[in-house]
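Just below is one structure, and these are the notes that go with it.
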Amino acid sequence: MNSSLLELIFFSEKRKDLLLFLNEGPKTIKEINMYLDASAVAVLPQLKKLREDSLVSKTGDIYSLLPLGIAVASRLQAMAGLLNVFGSSYEFWANHAVECIPASLRSRIEDLDNCTLSEPPDRTRLFEPHREFVERLAISKRINGISSIFHPLYPSLFLSFAKNGADISILVTRSVYERLKEEYQTEVREFLKLPNSCLYVCDEKIEFSHVITDSFLSLSLPFSDGTYDHKQDILCFTPTALQWGEDLFAYYRNRSEKVTEI
């Protein structure tokens, strides 16, 4: 975009909102006024500027995006989503290693719109699984998870969920798998015997942990210096975020070995 086009779009909140609204499809001036909660006197000059720059066309009382407007609005939609993700928790994202997420998923980070942060209730439980996380897992019917860290409570926890009927697929790094074999062989063997459970091991470098269920996504990222953050997790509940989580799990499952016995 050249500077004049950038000024046209970003120097006016109304013009930006107009492009995003028209990206949904052609609209009448009445629909536009209602959406922006503004009068025609306030809206028409902005529509005129967009028409002069070949972003919007007018046919009768209907306003539509022109090809250039469609291209700009699609990028603007992604940027708006990205700002919504980062804006609500900017300090968290700025201090964590977003680069450890695969590039194909990182390019869709705006799908995590409306995410929240989960924290332990107090410092005495800093290294325990977050209560909200465990409570949500307990009522989930399907659980797919990636773990780059070892937690002594997880083997029995996920085994209990599998025994209660949840479909569970767990993917771990090679180092986590070796410790599971060494210290929790009984639990792992019992887990593998269940028809509704799967275990995968991945030799690629994984620095985050995540869980995707039928109702929520949890993502744990390391700090920018590589140390693991035991305090804050990202929680998302929207359909786009759940799909993002499914795709992240599939990305590493396709690069992993399925464990059938130990």
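The values are calculated or read from the model by the stated rules, or taken from the named source; none is laboratory data. Please read all numbers here as calculations on a predicted model, not as lab measurements. As a convention, Cβ positions derive from the backbone with ideal geometry for all residues, glycine included, and neighbour counts pool all protein chains shown. Calculation scope for accessible area: heavy atoms of the full protein, side chains included, ligands and nucleic acids excluded. Shrake-Rupley method; radii C 1.70, N 1.55, O 1.52, S 1.80 Å.
Values as computed for the structure displayed
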{"item": "Candidate set: region 89-104, residues that are of a type in the set (A, V, I, L, M) and over 13 Å from residue 251 (Cβ atoms); chosen: the one surrounded by the fewest Cβ atoms within 10 Å (Cβ to Cβ)", "result": "94"}
{"item": "Residue list for region 89-104, restricted to those being of a type in the set (Asp, Glu) and at pLDDT 90 or above", "result": "99"}
{"item": "Extreme residue, most open to solvent (accessible area, probe 1.4 Å), among residues of region 105-131 that are assigned to a helix (DSSP H, G or I) and at pLDDT below 75", "result": "123"}
{"item": "Failed item in (1) charged (D, E, K, R); (2) over 24 Å from residue 165 (Cα atoms); (3) touching a strand residue (DSSP E or B) at 6+ places or on another chain (Cβ under 7 Å); (4) surrounded by fewer than 15 Cβ atoms within 10 Å (Cβ to Cβ), with residue 203 passing the rest", "result": "(3)"}
{"item": "Filter result for the condition that a residue is open to solvent by less than 20 Å² (accessible area, probe 1.4 Å), more than 30 Å from residue 205 (Cα to Cα) and touching a strand residue (DSSP E or B) at 6+ places or on another chain (Cβ under 9 Å), over 62, 32", "result": "32"}
{"item": "Matching entry among 58, 16 (being closer than 25 Å to residue 111 by Cβ, touching a helix residue (DSSP H, G or I) at 6+ places or on another chain (Cβ under 8 Å), outside any loop (DSSP other than H, G, I, E, B) and not hydroxyl-bearing (Ser, Thr, Tyr))", "result": "16"}
{"item": "Every residue from region 219-259 that is in contact (Cβ under 8 Å) with a residue 60 or more places away in the chain and of a type in the set (Val, Ile, Thr)", "result": "234, 238, 240, 259"}
{"item": "Subset of region 163-179 (residues that are within 30 Å of residue 226 (Cα to Cα), in contact with a helix residue (DSSP H, G or I) (Cβ under 9 Å, 6 or more places away or on another chain) and without any contact (Cβ under 8 Å) to a residue 60 or more places away in the chain)", "result": "168, 170, 172"}
{"item": "The lone exception for residue 77 - which of (1) polar (S, T, N, Q); (2) open to solvent by 70 Å² or more (accessible area, probe 1.4 Å); (3) at pLDDT 85 or above it fails", "result": "(3)"}
